[in-house]
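Accompanying notes for the structure given below.
The values are calculated or read from the model by the stated rules, or taken from the named source; none is laboratory data. As the structure is a computational prediction, the values presented were derived from the model and not from experiment. Backbone-built Cβ (ideal geometry, glycine too); neighbour counts: all protein chains shown. Heads up: the accessible areas ignore ligands, DNA and RNA and are worked out on the full protein's heavy atoms, side chains in. Shrake-Rupley method; radii C 1.70, N 1.55, O 1.52, S 1.80 Å.
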Amino acid sequence: MSAGHTAVTTPTAPDEPVIVCDTPQDECGVRDVLDRLGDKWSVYVVVELASGIRRFKELQRAIPGNISQRMLTLTVRRLERDGLVKRTVYPTIPPQVEYELTDLGHSLTHVVKALADWSIAHRPAIAAAREAWDEADGNSGRLPVR
């Protein structure tokens with residue numbers, strides 16, 4: 001593999017890593033991408049834009065959880081910087097701004113759908129595991145403070 005290249009493998013031994021980098025984890029690109037997709041709003045924006053072009057307010061109203069104007073602006077700017085979202089400003093008064101996924105952004109929708117499908121398929125098992133953990137821990141779902 002070339003420097004900085006990441007491969008995803010199926011581990012054959014319990015101690016074998018699933019993700020293999022030629023460089024330290026922080027430098028191989030995985031953390032950078034996961035930080036972007038792991039934030040609270042980016043996946044919602046990608047999911048909403050997967051269905052087509054949206055104006056700013058349309059996008060804001062479509063995202064569950066009452067995202068603020070400032071947070072949506074920061075999120076779409078970060079996604080634009082990463083090459084996932086294209087922002088188009090029309091010279092009207094007031095300016096009309098539209099957002100859409102780039103080809104790179106559209107390629108991410110398959111990953112997001114796979115993650116959503118996995119979440120739905122495993123929701124009962126996760127709920128059962130949480131319930132068992134809470135019952136055994138006696139902590140009513142609250143993680144211990146350390």
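Does at least one position in segment 69-82 carry a residue that is among the polar types (S, T, N, Q) and open to solvent by 60 Å² or more (accessible area, probe 1.4 Å)? Yes, the conditions are met somewhere in segment 69-82.
For segment 53-61, the criterion of being buried (at least 17 other Cβ atoms within 10 Å of the Cβ), of a type outside the set (D, E, K, R) and closer than 21 Å to D35 by Cβ is met by none of the residues.
In segment 110-123, the residues that are of a type in the set (A, V, I, L, M) reach residues that are open to solvent by 70 Å² or more (accessible area, probe 1.4 Å) and assigned to a helix (DSSP H, G or I) with C-beta atoms within less than 9 angstrom, at least six apart or across chains, in these pairs: V112/V47; A116/V47.
Quick check, is I126 out of contact with any Gly (no Cβ under 9 Å at 6 or more places or on another chain) and assigned to a loop (DSSP other than H, G, I, E, B)? No.
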